[in-house]
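The values are calculated or read from the model by the stated rules, or taken from the named source; none is laboratory data. Computed from a predicted model, the values in this text were never measured in an experiment. Methodologically, a virtual Cβ is constructed for each residue, glycine included, from the backbone with ideal geometry; neighbour enumeration extends over all protein chains shown.
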Amino acid sequence: MSAWTGDELDGIGAAEELRLASLRPDGTPRPYVTMWVVRAGDDLYVRSAYGPDNPWFRRAKASGAGRIRAGGLERDVAFAEADPGAHAAIDAAYHAKYDRYGPEIVGTVVGPDAEAVTIRLVPRSRKE
């Protein structure tokens, strides 16, 4: 795995939305799904607003890899678990970025229930 560059963190972290495509078992990408993305420290995260049964989330967890588009960037990524100690910062990032949409919608991606549906996006090198 490689690390995000500062420009990638800034660009993707500032993007209003991210498009995510998980990989099928044969390695081809599924159609992109649009979602919110936040930056917490030097990591980027997405959460399933509709819980663990959301189809994109199930497919992403099963495949473990995919491709993202956001902030004018496109990158192959692995889907990893978030560090348990990162969830407070992830919640704070969601609140800071998206609270203007109201507590009902932001409430779907923050709090203890959202921890289980958090994916850390990890850049993959071009050779993986």
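Values for this structure:
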{"read-out": "Test set (1) touching a strand residue (DSSP E or B) at 6+ places or on another chain (Cβ under 7 Å); (2) buried (at least 17 other Cβ atoms within 10 Å of the Cβ); (3) of a type in the set (Ser, Thr, Tyr) - SER48 fails condition number", "value": "(1)"}
{"read-out": "Unmet criterion (only one of (1) within 15 Å of PRO123 (Cα to Cα); (2) buried (at least 16 other Cβ atoms within 10 Å of the Cβ); (3) without any contact (Cβ under 8 Å) to a residue 60 or more places away in the chain) for ASP42", "value": "(2)"}
{"read-out": "Helices (runs of 4 or more DSSP H) within the range 1-98 that include 1 or more residues farther than 20 Å from VAL109 by Cα and more than 11 Å from the chain's Cα centre (by Cα)", "value": "6-14, 55-63"}
{"read-out": "Matching option when the condition is charged (D, E, K, R) and under 21 Å from ASP113 (Cα atoms), among ARG24, ARG69, ARG30, ARG59", "value": "ARG59"}
{"read-out": "Per-region count, the range 53-64, residues touching a strand residue (DSSP E or B) at 6+ places or on another chain (Cβ under 7 Å) and closer than 16 Å to PRO31 by Cβ", "value": "4"}
{"read-out": "Top-ranked residue of the range 5-21 - restricted to ones that are crowded, with 21+ Cβ neighbours inside 10 Å and in contact with a Leu (Cβ under 7 Å, 6 or more places away or on another chain), ranked as farthest from ASP113 (Cα to Cα)", "value": "ILE12"}
{"read-out": "Qualifying positions in the range 88-99 - under 17 Å from GLY13 (Cβ atoms) and of a type outside the set (Phe, Trp, Tyr)", "value": "ALA89, ILE90, ASP91, ALA92, ALA93, HIS95, ALA96, LYS97, ASP99"}
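Rundown of residues vs (1) among the small types (Gly, Ala, Ser); (2) crowded, with 19+ Cβ neighbours inside 10 Å; (3) closer than 15 Å to TRP4 by Cα; (4) at pLDDT below 95, yes/no style:
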residue: PRO29; (1), (2), (3), (4): no, no, no, no
residue: PHE57; (1), (2), (3), (4): no, yes, no, no
residue: ARG69; (1), (2), (3), (4): no, no, yes, no
residue: ALA93; (1), (2), (3), (4): yes, yes, no, no
residue: LYS97; (1), (2), (3), (4): no, no, no, no
residue: ARG120; (1), (2), (3), (4): no, no, yes, no
